[in-house]
1. Can you bin every Cα-Cα distance in the range B:3-343 into 10 Å intervals starting at zero and give me the percent of pairs per bin, rounded to whole numbers?
2. How much net charge surrounds A:V167 when only the other residues with a Cβ under 12 Å from the Cβ of A:V167 are counted, with Lys and Arg +1 and Asp and Glu -1?
3. In µm²/s, what is D for the protein assembly as shown at 25 °C and 0.890 mPa s, where D = kT/(6 pi eta Rh) by Stokes-Einstein and Rh is the Kirkwood radius from Cα pairs?
4. Can you list the residues in the range A:196-214 whose accessible area drops by at least 20 Å² when all protein chains are present, compared with the chain alone? Use a 1.4 Å probe, heavy atoms only.
5. Taking a spot 7 Å from the Cα of A:R288 along the direction of its beta carbon, which residues of the range A:149-191 have an amide N less than 16 Å from it?
6. Given bins 10 angstrom wide, list per bin the percent of all Cα-Cα distances in the range A:205-344, short to long.
7. Could you state the accessible area per residue of chain B in Å², with a 1.4 Å probe and every protein chain left in place?
8. How high is the relative contact order of chain A, given as a whole-number percent (alpha carbon pairs under 8 Å, six or more residues apart)?
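The values are calculated or read from the model by the stated rules, or taken from the named source; none is laboratory data. Please read all numbers here as calculations on a predicted model, not as lab measurements. Virtual Cβ from ideal backbone geometry, glycine too; neighbours counted across all protein chains shown. We work out accessible area using only protein heavy atoms, side chains counted, and drop any ligands, DNA or RNA first. Shrake-Rupley method; radii C 1.70, N 1.55, O 1.52, S 1.80 Å.
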2 protein chains.
Amino acid sequence: MIIDCHGHYTTSPQSHQDWRTRQIAALRDGASAPPRPQISDDQIRDSIESGQLRIQRERGTDLTIFSPRAASMAHHEADAAANEVWSAACNDLIHRVCGLYPRNFIGVCQLPQAPGADPADCIPELRRCVEELGFVGCNLNPDPSGGHWSGPPMTDRSWYPLYEALVELDVPAMVHVSSSCNPNFHATGAHYINGDTSVFMQLLEGNLFADFPTLKLIIPHGGGAVPYHWGRYRGLAQDMKQPLLTEHLLNNVFFDTCVYHQPGAELLAKVIPVKNILFASETIGAVRGIDPETGFHFDDTRRYIDGIPWLDQHQRAQIFEGNARAVYGRLSSQLERQSALQTA
Amino acid sequence: MIIDCHGHYTTSPQSHQDWRTRQIAALRDGASAPPRPQISDDQIRDSIESGQLRIQRERGTDLTIFSPRAASMAHHEADAAANEVWSAACNDLIHRVCGLYPRNFIGVCQLPQAPGADPADCIPELRRCVEELGFVGCNLNPDPSGGHWSGPPMTDRSWYPLYEALVELDVPAMVHVSSSCNPNFHATGAHYINGDTSVFMQLLEGNLFADFPTLKLIIPHGGGAVPYHWGRYRGLAQDMKQPLLTEHLLNNVFFDTCVYHQPGAELLAKVIPVKNILFASETIGAVRGIDPETGFHFDDTRRYIDGIPWLDQHQRAQIFEGNARAVYGRLSSQLERQSALQTA
């Protein structure tokens with residue numbers, strides 16, 4: 001079985017995104033928020049069957065851990081109250097996708113973060129998604145300010161109540177920024193990668209997992225710059241008298257495989273232990289074209305993992321399936337529940 | 001000959017840095033600035049011979065392209081006028097090092113940038129360093145705000161007068177941030193790498209080299225996250241209908257080899273054309289310890305380049321020497337001048 005742990009609903013019906021645009025405009029103008037749009041099952045089916053489901057079939061992957069579009073979280077474009085309504089709408093839509101395709105998609109939620117807001121305020125929506133909707137994780141934005149990085153690092157105690165809830169619910173967080181309102185940072189070409197790199201270094205400097213030994217964080221986009229600079233990070237940890245990274249971070253931090261060329265995927269698998277690598281493609285996402293050097297889509301990351309010559313069958317199965325089941329503690333039982341639903 | 005294109009004077013005499021601290025305090029308190037400290041040739045010799053020169057000899061490198069300490073530029077800690085005095089002091093010290101060791105060091109200058117200040121105001125100091133002190137390049141901070149990224153991207157027209165001066169003087173700029181006052185960004189573990197990644201993406205999005213076809217920019221620290229995500233960048237360029245990166249950027253953008261482990265250095269040499277790679281170690285710098293996995297210093301990057309099995313003698317010579325001579329247009333003649341000085 002091949003589990004893609006990083007898919008966003010980038011193809012959601014246009015009326016969904018349009019509603020967010022009107023919601024933000026209403027907030028700006030002091031008007032009352034527009035009602036949530038009616039979206040039919042057929043609209044959802046169309047968007048999924050021509051998009052993510054088609055690609056699953058083409059590439060031979062089985063299950064996508066599916067969350068709302070990351071760039072559209074845009075926590076910096078509204079306030080906490082509006083983001084709460086928006087997150088609920090996004091998460092409900094993911095829930096409907098999982099209901100329609102219970103063997104192909106399993107949910108991960110967006111959180112109603114906002115610049116300056118208390119992360120603890122996200123716990124009710126996290127709890128609703130996990131306990132009522134059967135979601136198995138969340139996306140956690142380390143920079144709700146959208147490229148200004150005006151909040152505290154992720155080792156700050158203000159995040160702790162949220163971490164307590166994650167641990168209690170046994171769900172991991174993917175640390176994932178949203179769009180950027182800073183013209184210095186292109187979203188998918190700089191802000192995403194910088195977010196990954198910055199948070200890893202925050203964790204390296206701190207000692208978060210002494211306080212939360214079972215908390216699990218996934219750093220997407222192949223871990224940002226981290227595996228490429230693995231020597232720098234090992235060296236910085238040593239200079240700072242921190243433990244070896246394998247002990248200090250690698251029981252809790254995992255990297256996905258959203259690296260869009262063979263040499264990059266091979267570097268990842270060379271320096272990061274296999275147990276810390278989760279298969280992912282972020283399809284349909286940041287890069288949509290076909291690589292003229294290979295004739296295949298840049299984001300067809302399965303080919304890169306298949307093409308790493310030194311991985312044996314067991315290691316490949318860990319990356320494709322086993323590690324996702326281990327990191328997403330609720331995945332296996334939720335998948336059983338969803339599959340039973342379809343069979344019934 | 002082995003030329004290290006990225007060395008900072010991190011071991012400068014303590015009185016130099018102390019003076020900057022007092023200068024900033026005086027500025028804050030509205031007091032008059034303290035006088036520049038007296039630093040003897042012996043103090044400089046001590047700091048260099050026990051530091052950078054010793055390491056050159058130990059590692060068998062010949063020449064360091066030497067600039068003031070990057071973290072101490074701290075453009076965000078003072079105003080343009082104070083930074084002008086500080087930059088001059090830093091650059092004069094580099095000039096003295098090059099005068100004392102004319103075959104071992106060649107100068108690159110710090111610029112008196114400041115948050116919100118016009119980059120054109122840096123031209124007089126750039127000109128002084130190149131025309132009077134024999135410097136062959138400059139360090140250019142893409143984020144004088146020190147981690148707030150409050151200024152415009154490097155493709156903005158406000159930078160153009162400075163680029164015109166660089167082109168006219170035939171000197172490249174190394175795009176190098178300074179320290180970070182944003183607690184989200186550890187300086188050498190996040191801010192440096194993010195700066196590299198962000199600027200590369202700014203250049204990818206823009207079309208700067210259509211306006212400055214002979215401008216040369218060096219992106220340090222192995223190009224940040226860029227080579228690891230080379231497929232992402234090729235794919236983003238393609239999605240944006242930009243030309244191939246080889247045509248769009250690689251006549252003007254170069255990467256150094258400050259990547260502190262063998263797999264990272266190999267990735268760099270695998271995906272980036274040899275002509276775009278300049279040997280560098282950033283010694284004595286970000287990572288100072290010995291890698292327990294190899295028994296050698298993390299920043300002993302010569303070993304990694306020597307250890308790339310597929311490079312032939314000619315390619316290795318390009319990385320170690322030829323590319324630096326090509327990118328730093330004034331290097332060869334300046335080195336001749338300095339060597340004659342020592343012989344005389």
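1. Reading upward from the zero bin: 5, 26, 37, 24, 7, 1.
2. -3
3. Working: Rh = 26.1 Å.
Here the translational diffusion coefficient equals 94 µm²/s.
4. With the partner chains in place, the range A:196-214 has these residues losing at least 20 Å²: A:T197, A:S198, A:M201, A:Q202, A:E205.
5. A:187-189
6. Percent of Cα pairs in each bin: 11, 36, 33, 17, 4, 0.
7. 35
8. Worked out over chain A, it gives 18 percent.
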